[in-house]
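The values are calculated or read from the model by the stated rules, or taken from the named source; none is laboratory data. A quick note: this is a predicted structure, and the numbers were derived from the prediction, not measured. Here the Cβ positions follow ideal geometry from the backbone for every residue, glycine too, while neighbour counts run over all protein chains shown. Surface areas here come from the heavy atoms of the whole protein model, side chains and all, with no ligands, DNA or RNA. Shrake-Rupley method; radii C 1.70, N 1.55, O 1.52, S 1.80 Å.
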Number of protein chains: 4
Amino acid sequence: MYIFRENRGMLLKSLREEVLDANLELVRRGLVIYTFGNVSGVSRADGLVAVKPSGVPYEKMTAADMVVTDLEGKPVDGDLRPSVDLATHLALYRAFPSIGGVVHTHSRSATAWAQAGREIPCFGTTHADYFRGAVPVTEPLQPADMEGDYEANTGQAIVRRFAGLDPAEFPAVLVHGHGPFVWGRSADDAAHNAVILEALADMAAQTLALNPAATPIADARRDLHFLRKHGPHARYGQER
Amino acid sequence: MYIFRENRGMLLKSLREEVLDANLELVRRGLVIYTFGNVSGVSRADGLVAVKPSGVPYEKMTAADMVVTDLEGKPVDGDLRPSVDLATHLALYRAFPSIGGVVHTHSRSATAWAQAGREIPCFGTTHADYFRGAVPVTEPLQPADMEGDYEANTGQAIVRRFAGLDPAEFPAVLVHGHGPFVWGRSADDAAHNAVILEALADMAAQTLALNPAATPIADARRDLHFLRKHGPHARYGQER
Amino acid sequence: MYIFRENRGMLLKSLREEVLDANLELVRRGLVIYTFGNVSGVSRADGLVAVKPSGVPYEKMTAADMVVTDLEGKPVDGDLRPSVDLATHLALYRAFPSIGGVVHTHSRSATAWAQAGREIPCFGTTHADYFRGAVPVTEPLQPADMEGDYEANTGQAIVRRFAGLDPAEFPAVLVHGHGPFVWGRSADDAAHNAVILEALADMAAQTLALNPAATPIADARRDLHFLRKHGPHARYGQER
Amino acid sequence: MYIFRENRGMLLKSLREEVLDANLELVRRGLVIYTFGNVSGVSRADGLVAVKPSGVPYEKMTAADMVVTDLEGKPVDGDLRPSVDLATHLALYRAFPSIGGVVHTHSRSATAWAQAGREIPCFGTTHADYFRGAVPVTEPLQPADMEGDYEANTGQAIVRRFAGLDPAEFPAVLVHGHGPFVWGRSADDAAHNAVILEALADMAAQTLALNPAATPIADARRDLHFLRKHGPHARYGQER
């Protein structure tokens with residue numbers, strides 16, 4: 001039992017460090033300013049989540065500041081309040097067993113698509129390298145969503161939108177009138193995908209400005225690019 | 001009396017340092033170049049205002065360069081001329097007792113909205129986290145405004161626009177054909193809001209480019225986000 | 001005679017250093033990449049011009065690399081070839097006696113206006129702080145201009161466009177299908193104006209995107225802002 | 001024979017270093033993020049190509065990581081897998097004997113034009129300094145292209161588009177729905193051209209936003225600028 005606790009302590013230390021680093025990656029890449037944005041990571045074996053604290057400036061943040069809760073949001077470790085968006089993260093972890101990290105940002109171009117209420121079409125191979133189709137957008141939240149647990153209801157709106165979609169093939173969603181939630185195999189991978197999403201959102205907006213009638217690339221080509229990088233037949237990168 | 005002076009000296013030193021730092025924050029965040037922009041802060045207890053001097057490059061500016069005046073603009077301390085926009089700042093301090101700092105910039109996206117003569121709609125939750133509705137724009141200044149004390153008249157145009165608006169719920173205005181004036185609880189907070197405003201202005205412009213018929217988010221959702229961060233029921237950030 | 005030469009040597013050294021520094025300012029402000037752009041400065045007393053050499057990377061450039069010619073372009077000092085655009089600079093020095101420095105860049109937004117063949121309207125006070133009206137654009141160059149001394153003819157096209165305009169009130173022009181030429185009281189001042197022009201061009205483009213029917217500010221307001229910063233009644237900045 | 005090997009070793013070392021440096025230039029100039037993009041260089045005398053490895057982060061990349069193959073893609077030296085786009089590079093080296101380096105990026109503005117399926121018109125002299133006309137775009141790839149060797153087929157689509165075009169006068173192409181492939185006399189020169197292309201793509205998009213009816217500059221002016229910098233009568237830069 002003592003050993004178990006020690007192991008758990010080491011695991012939490014490692015998870016917190018990864019979550020801190022993924023949060024700082026958003027700063028380095030210019031996706032967040034001041035206290036915007038939040039990243040979490042999950043340890044599936046323990047059912048524990050580490051998440052950025054609410055409203056703490058990135059410059060002062062340490063791994064110890066990451067707040068640890070269970071998958072229902074019950075505090076397990078840490079002195080600070082978790083991000084106000086924690087309930088949305090938890091809804092995603094519960095609904096999408098394959099994901100290991102969640103990111104929320106207000107990165108400018110992705111947020112503009114969310115505010116415009118438009119999905120981001122798969123206009124090119126850069127997009128297809130990461131998403132097997134358009135980046136989906138949720139329905140607008142309804143008055144009832146505002147009355148209950150708003151952040152949990154935001155999570156439910158995302159889960160409803162993903163009926164029939166594989167979160168491993170679509171690692172992000174745009175919450176209507178709000179901004180992107182992004183995920184990945186880990187907190188680190190989720191932050192990477194958030195950076196890519198912002199680039200795709202910007203390029204797609206530029207594409208539409210040049211050609212309002214631009215159309216998505218062919219499905220066969222989209223799948224070729226997606227599967228070149230993902231899944232059992234991937235041939236991108238080095239042998240692992 | 002001697003002690004009083006010493007205290008006032010320390011207070012002014014502290015206010016000047018805060019005003020200097022808020023000015024430099026605008027440089028760090030890319031909102032101003034060369035001698036553009038100006039920040040002031042007020043000490044309500046003393047009725048004194050510290051403001052950036054006119055036309056001094058940011059690289060050479062020290063706290064001692066900040067000019068101190070009373071709320072009517074009468075010089076109290078400092079060897080340099082104050083910002084030419086001081087009279088606008090003073091009009092805001094006199095009309096809005098809750099504010100502690102004022103910022104004026106020509107940041108690009110916010111200025112573009114001011115030049116376009118359009119208020120910035122509340123297209124999403126990022127906006128609602130800071131403004132309880134659209135960022136207002138003044139009426140165009142009239143010929144008579146140019147003949148008298150132009151900078152004071154600019155302040156009056158802002159004050160007129162805020163009839164019925166709470167400056168704590170709308171911490172900025174766009175002066176028609178000019179640019180943003182922004183405020184906050186302190187010079188520091190005002191600079192923070194100026195950085196946010198520029199991000200909101202950019203995202204709103206991108207939103208309209210993607211969807212010229214984009215509509216503001218629902219009032220209930222806007223208020224939920226605003227009140228999540230501001231006022232007695234705020235639950236964002238840590239306990240204070 | 002020996003003393004005269006020594007003085008001239010010192011003067012040239014000083015002019016070259018100022019021209020080098022103004023060239024590097026364009027790099028620092030992101031207006032030029034690789035070998036794009038060129039700055040010159042004139043010593044009116046000597047009738048000598050120092051100009052950036054052609055095709056030398058900014059990282060390797062020294063003051064000694066600046067090429068010195070007379071106002072007809074006759075080499076006076078320096079081992080390198082001058083900028084290919086020198087003849088345009090010289091035409092401006094000969095036609096506009098009040099200017100002391102010339103800058104040419106391909107900065108992105110200003111060049112876009114030049115390529116669009118549109119003058120930049122005075123949409124706001126930021127613009128009016130530097131230009132007493134729209135930034136003018138030349139007529140397209142004609143086939144005959146390509147056959148003779150193209151760079152000198154470019155200068156003539158600018159001079160023709162300035163019939164009736166005061167170069168001190170309009171410190172830049174857009175050469176149709178090419179890009180901006182900018183000037184000032186010195187090389188340093190011209191580089192400053194080139195940076196401002198790029199910001200104005202960007203803001204004006206954003207303004208039109210938000211409001212295609214945007215109109216210039218009133219003449220009285222434009223003049224108030226221009227004269228607040230320039231001329232005998234300027235009250236911006238510190239006493240000199 | 002021993003000497004031959006040693007020479008080849010030195011040549012490969014030099015080629016790899018140049019290819020590494022050209023890859024890093026893309027990072028420095030903001031054209032690529034994470035593992036995006038790839039650069040190769042060819043030694044025509046040896047028929048050998050050095051290319052970036054697949055999926056290796058730029059921060060960790062060394063010259064020894066560059067993969068060396070022959071012009072058919074047969075591995076000659078190096079432990080890592082080459083870029084997945086190698087077959088496209090090789091098709092270009094075989095078809096265009098004058099080129100010494102190839103770059104592929106997903107730089108944002110150039111990719112937007114590729115996704116929009118539009119060639120980039122020669123709207124100004126900045127463009128004409130590098131391209132003797134519009135930047136061409138390939139036909140969309142066909143289903144058959146996806147079934148065979150996709151990357152080689154991408155190369156063939158480029159080669160087909162260049163029937164009647166001189167690759168020395170048009171150092172880049174936009175692959176429809178994908179992004180730019182760029183080339184030059186060397187890997188270094190190709191990277192330089194990729195940076196320029198991105199600037200041209202951005203400026204052309206801004207030009208169209210300001211004037212949807214903008215037209216290319218006159219052919220005579222385009223040629224004057226292109227030939228001022230390229231070919232036997234170039235007069236830009238210093239004597240070599």
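For the protein assembly as shown, how big is Rg over Rh, using alpha carbon atoms and the Kirkwood form of Rh?
Checking Rg against Rh, the ratio lands at 0.98.
Using amide H atoms built in the peptide plane, which far-off residues or other-chain residues are under 5 Å from residue D:55 H to H?
A:237
Just check region B:2-230 against the gyration tensor rule for me: Cα atoms, a ≥ b ≥ c as the square roots of the eigenvalues, rounded for a/c under 1.5, and otherwise prolate or oblate depending on whether a/b exceeds b/c.
Note, shape of region B:2-230 comes out prolate.
Of the residues B:203, B:146, B:66, which exhibits the maximal mean-square fluctuation in a Gaussian network model of chain B defined by a 10 Å Cα contact cut-off?
B:146
So what's region A:34-158 giving for Rg/Rh, alpha carbon basis, Kirkwood Rh from the mean inverse pair distance?
Radius of gyration over Kirkwood radius for region A:34-158 works out to 0.99.
Taking Cα pairs under 8 Å and at least six residues apart, what relative contact order does region C:1-65 come out at, in percent?
Relative contact order here is 37 percent.
Chains B and A: what accessible area do they bury, summed, in square angstrom to the nearest 100, with a 1.4 Å probe?
The contact between A and B buries close to 2900 Å².
What 222 nm value per residue comes from the helices of chain D, counting each DSSP H run with n ≥ 4 as -39,500 (n - 2.57) and dividing by all residues, nearest 500 deg cm²/dmol?
Mean residue ellipticity, 222 nm, calculated: -13500 deg cm²/dmol.
Just how many pairs of Lys in chain A have C-alpha atoms closer than 20 Å, counting pairs that are eight or more places apart or on different chains?
Count of close lysine pairs: 5.
Between region D:43-79 and region A:86-125, what's the alpha-carbon centroid distance in Å?
The distance from the Cα centre of region D:43-79 to that of region A:86-125 comes to 37 Å.
Over region A:38-153, what is the relative contact order in whole percent, taking alpha-carbon pairs under 8 Å and six or more residues apart?
RCO, region A:38-153: 22 percent.
With helices defined as uninterrupted DSSP H runs, which ones in chain B have an alpha carbon span along their own long axis of at least 18 Å and mean Kyte-Doolittle hydropathy of at least 0.0?
Those that pass (Cα extent of 18 Å or more, hydropathy at least 0.0) are B:187-210.
For labels at residue D:239 and residue A:165 in the simple 7 Å Cα→Cβ model, what's the distance in nm?
Result: 6.5 nm between the two label points.
Mind giving me the FRET efficiency for residue B:144 and residue C:34? R0 is 51 Å, r the Cβ-Cβ distance, nearest 0.05 is fine.
Calculated value: 0.50.
Specify the inter-centroid distance of region C:171-220 and region C:223-240, based on alpha-carbon positions, in whole Å.
Centre-to-centre (Cα) distance: 19 Å.
With contacts defined as alpha carbon pairs under 8 Å and 6 or more residues apart, what's the relative contact order of region C:2-230 in percent?
Relative contact order comes out at 23 percent.
Please report the residue of chain D with the smallest beta-carbon distance to the D-to-C rotation axis, and give that distance in Å, no decimals.
Its Cβ sits closest to the axis: D:209, 5.
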